[in-house]
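Asker: Please read through the structure below; I'll follow up with questions.
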Amino acid sequence: MRRFLAAGTLFGVLIAAATIGSAVVFAAIVAWVITDPGARRLDELTVPVVVLVSLWTIRTAAQWLQGRLSQRGASAVIAELADQVLTTATALPPRDLARRRDDAAVLVTRGLDGLRVYFTTYLPSLFLAAILTPATAAVIAFYDRPSALIVLVTLPLIPTFMVLIGLATAERSKAALVTMSTLQSRMLDLVAGLPTLRALGRTGGAATRIAELGAAHRRSTMATMRIAFLSAFALELLATLGVALVAVSIGMRLVYGEMTLTAGLTALLLAPEVFWPLRRVGAAFHSAQDGKTAVAAAFEFIDNATAAPSGTRTLPDHPVTITIDRPAVLARPGEVTVLTGPNGAGKTTLLQAVLGLNPPPAGRIAVNGVDVAELDRQSWWSRVAWLAHRPVLVPGTVRDNLELFGPLPDAAAACRAACFDAVLGELPDGAHTVIGRGGVGLSLGQRQRLGLARVLGSTAPVLLLDEPTAHLDGPTEARVLHQIVQRARRGATVIVVGHRHPVLSIADALVRLDPDPVPEPEGGAVGATP
């Protein structure tokens, strides 16, 4: 923004000079025409009129360029702040991200847009007030000191009322941002749950709740607008009274011949220009308060976020062994390690700690003897294929989602391994079928197969699978588990979270995360259980 601020100051100087110059020239022309009948010939007014038109043109061009530049600067700043918020959000540990996701969404989608008014209206007005107001007051004092005295007495009333109303506006804007965050998150939750509500025949209640949320948002917005209108009314009233006092004073002294017409017209034309920048600053301040509040929230979000630590060490290109102290887990190449236990025991959290997304719940996690916190995360993630409990699917084609983390060496083989080839045959456009957010357009089982195809088709030496056979029927589950075992036998290090007996049966090492004994599955080699 440094270039914008410097250019904005330059344009403010041009606008102020053109404004003062045009007022002086126009007052001289009018006084000349009125007091000197011989000056009514057009040829004698050509030069002053050309100067006046030139000054008006310069002012108009400077205002247009300043507005255009401020729009570009605002877009750049909003984009940069949104990028920083998104970068910070994506670096958060999963639990922190789930807790602060709605705040980041509101800032990026709507909150920071309020900053545009701040840059396009408030800052230019502030520059103009800092330059034009004192310069205009000085010129008025040069032509008519009594008018300048009136201006100096009435002028402080405007910033005083700006401060008083601004205090109320700041609190209202902060409350409006919190209200908007709450309303948006509730609205999105309701919309996301509409299919379930429809299946249960409860859509009527959801529609009523959405209407209530919309009405609450409308009331919050109208409350903010009432304060903005109150501010504009108060500032306009004060400015009008100030100009009226100057006009009455000039009129009375002109009647009694105590001043020249040129001086009176000049002071009268410049009096509104003293108050006008401050009026714009006041109105723009309240309009931009939402953006300023959002910026403060964005800085707070960025400063208070605690990203998962990332080291700098990289692993040599050879098989990977993962060691976890608590619970005692040794995941070796060529073996399938299965983590089991009741819900809430921390199995998913442990997988995320292996990825470096969360700190270990206890003890230490090492990869080939190197603490996972010391590893460069991007380098480590390039060697891991991870299937989350809910496969990550984004809007786009099926092929886009298959190659979400990079091209697959053999996509057809990956689809066969995950039994996704049968799904492709059922889709209207095959791999080019478009799906929605979260895999809308596919059933739960089809989404699971898509996620499995992406993992099984990867060449990564480490596979982390969280409930890989959820939503799969028996025959499909058996084929998928066989493929997982084959990947392990080819040298991959495989860690699986599971509960079902078929998943437990493929374990070379079975680790439970609760003190209750787990029955040994038939046909599976079970390792030491803590």
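Asker: If amide hydrogens are placed 1.01 Å from N in the peptide plane, which non-local residues have theirs closer than 5 Å to the one on T493?
Answerer: Result for T493 returns V320, G334, V462, L463.
Asker: May I pose another question? Note down the net charge around L128, summing +1 for each Lys or Arg and -1 for each Asp or Glu among other residues with Cβ under 14 Å from its Cβ.
Answerer: +2
Asker: Here is a follow-up. For the chain, what is the mean residue ellipticity at 222 nm derived from helices alone (per DSSP H run of n ≥ 4: -39500 (n - 2.57); sum divided by total residues; nearest 500 deg cm²/dmol)?
Answerer: -21000 deg cm²/dmol
Asker: Given charges of +1 on the Cβ of Lys and Arg and -1 on the Cβ of Asp and Glu, with all other atoms neutral, how large is the dipole of the chain about its Cα centre, in debye to the nearest 20?
Answerer: Dipole of the chain, to the nearest 20 debye: 600 debye.
Asker: Considering only protein heavy atoms and a probe of 1.4 Å, how much of the accessible area of the chain is carbon and sulfur, as a whole percent?
Answerer: Values: 16390 of 26580 Å².
On the chain, the fraction of accessible area on carbon and sulfur atoms equals 62 percent.
Asker: Let me ask something else about it. If you keep only loop residues by DSSP, which chymotrypsin sites (Phe, Trp or Tyr not before Pro) in region 187-276 have at most 15 other Cβ atoms within 10 Å of their Cβ?
Answerer: Y256
Asker: Report which label in [x] 1.47; [y] 1.03; [z] 0.96 holds the value of Cα Rg over 2.2 N^0.38 Å derived from the coordinates of this structure.
Answerer: [x]
Asker: Hey, another quick one. Within the set of other residues whose C-beta is less than 14 Å from the C-beta of R218, count the net charge using Lys and Arg as +1 and Asp and Glu as -1. Let's see the in-between values first.
Answerer: Details: positive: R219, R226; negative: E212.
Taking every other residue near R218 into account, the sum is +1.
Asker: Name the long-range amide H neighbours of G396: under 5 Å, sequence gap of 5 or more, or other chain; modelled H, no Pro or chain starts.
Answerer: Here I435 satisfy the definition.
Asker: Give the long-range amide H neighbours of R512: residues separated by 5 or more places, or on another chain, with amide H under 5 Å away, using H modelled in the peptide plane at 1.01 Å from N.
Answerer: T340
Asker: If you don't mind, another one. Hey, what did region 320-463 get for relative contact order, percent, Cα under 8 Å, at least 6 apart?
Answerer: 25
Asker: A further question on this structure: Take the Cα pairs of region 281-393, get the Kirkwood Rh, then feed it into Stokes-Einstein at 25 °C and 0.890 mPa s and tell me D in µm²/s.
Answerer: Result for D is 144 µm²/s.
Asker: Same structure, new question: Compute the Cα gyration tensor for region 1-83, then decide on rounded, prolate or oblate, letting a ≥ b ≥ c be the square roots of its eigenvalues: rounded whenever a/c is under 1.5, prolate when a/b is larger than b/c in the other cases, and oblate in all that remain. Kindly include the intermediate steps, with their values, before the conclusion.
Answerer: Values: a/c = 5.31, a/b = 4.18, b/c = 1.27.
Prolate.
Asker: How much of the calculated P(r) for region 1-157 lies past 23 Å, in percent of all Cα pairs?
Answerer: Within region 1-157, distances greater than 23 Å cover 59 percent of Cα pairs.
Asker: Then there's this: Just the accessible area per residue of region 366-417, please: how many Å² with a 1.4 Å probe?
Answerer: Numbers: 2580 Å² over 52 residues.
Spelled out: the 1.4 Å probe surface of region 366-417, per residue, equals 50 Å².
Asker: Roughly speaking, what is the centre-to-centre gap between region 424-443 and region 207-254 when only Cα atoms are used, to the nearest Å?
Answerer: Between the Cα centres of region 424-443 and region 207-254 lies a distance of 53 Å.
Asker: Hey, what's region 1-142 come to in accessible area per residue, 1.4 Å probe, Å²?
Answerer: On the way: 7530 Å² over 142 residues.
Accessible area per residue: 53 Å².
Asker: Note down the net charge around E335, summing +1 for each Lys or Arg and -1 for each Asp or Glu among other residues with Cβ under 14 Å from its Cβ.
Answerer: +3
The values are calculated or read from the model by the stated rules, or taken from the named source; none is laboratory data. A quick note: this is a predicted structure, and the numbers were derived from the prediction, not measured. Quick reminder, even Gly has a Cβ in these numbers, built from the backbone with ideal geometry, and neighbours come from all protein chains shown. To get the accessible areas, we keep the full protein, side chains included, count just its heavy atoms, and leave off ligands, DNA and RNA. Shrake-Rupley method; radii C 1.70, N 1.55, O 1.52, S 1.80 Å.
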